[in-house]
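Structure record follows, encoded as structure tokens.
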Amino acid sequence: MILEIFGGVGSGKSVILNYLKEKYKAEIIGMDETAHELYRPGEKGFAAVRELLGDEVVAPDGTLDRKKMADILYREPELLDRLNGVIHPLVYQETEDRAKAFVRKAAEAGAPEPLVVIETALPKKVKSDIFAEVWYVYTPKEIRKLRLMRDRGYSEERVREIMSRQMSDAEYSAIADWILENDGSLEEVCRKVDARLAVCGFAGGR
């Protein structure tokens, strides 16, 4: 079974992902990590950045110079939109291909149905056919703000800035099949996850 899970910064996605990995042996595929891999020399993302921003963003060691990239994109924000228009589809396709490959490999080996989770901060507006369900981890903004200030040392101003760049609760909710409210204890949210997977008919885990 393949799930997509998303939520705003500070919503507690990592705790839920760790629980799914520990109890259900879930394979976690992060879109951020996939994007970083696609920026490596020889990959499609690297080629796209070089074509759009030029050779000046290539460091002497052949990798992308992230600082130069950031400087250019800050000065010319329209280039960021163009770059995202190329990179995002590549990342979506790569993560979905990896998820399908993991499920296929398990089936070929005669293994039990695996749980594969794609984690992202920027979901597509339309649900992909490969997902059994799409989950939105919802946590009230005040709780998220306190978590970020306590755990990451962010200032209140920085938290507001980060949140302003992300999708709204309404936009996230409109995409989701299920809203996982994460405003209580760890035990409480884990019980919710167990119950939802049971509803989905997933019997994996230890």
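Some points to look at:
- Residue ranges of helices (runs of 4 or more DSSP H) in segment 137-201 with at least 2 members under 10 Å from residue 10 (Cα atoms): 141-151, 156-164
- Matching helices (runs of 4 or more DSSP H) fully within segment 22-107 where at least 3 residues are over 17 Å from the mean Cα position of the chain (by Cα), among the basic types (Lys, Arg) and more than 18 Å from residue 128 (Cα to Cα): 66-75
- Qualifying residue in segment 9-20 (condition: buried (at least 16 other Cβ atoms within 10 Å of the Cβ), out of contact with any helix residue (DSSP H, G or I) (no Cβ under 8 Å at 6 or more places or on another chain) and under 30 Å from residue 172 (Cα atoms)): yes
- Candidates 128, 164, filtered to the one that is among the hydroxyl-bearing types (Ser, Thr, Tyr) and exposed (fewer than 12 other Cβ atoms within 10 Å of the Cβ): 164
- Residue within segment 141-148 that is modelled with pLDDT of 90 or more, among the β-branched types (Val, Ile, Thr) and out of contact with any His (no Cβ under 8 Å at 6 or more places or on another chain) present: yes
- No other residue among 94, 33 is without any contact (Cβ under 8 Å) to a residue 60 or more places away in the chain and acidic (Asp, Glu) apart from 33.
- Answer residue from segment 40-57, given it is within 15 Å of residue 89 (Cβ to Cβ) and in contact (Cβ under 8 Å) with a residue 12 or more places away in the chain and is surrounded by the fewest Cβ atoms within 10 Å (Cβ to Cβ) among those: 44
- Residue 16 vs. criteria part of a helix (DSSP H, G or I) and in the same structural domain as residue 187 (by TED's automatic domain parsing): yes
The values are calculated or read from the model by the stated rules, or taken from the named source; none is laboratory data. Remember, predicted model here, so these are calculated numbers, not experimental data. Cβ: placed from backbone, ideal geometry, glycine included. Neighbour counts: every protein chain shown.
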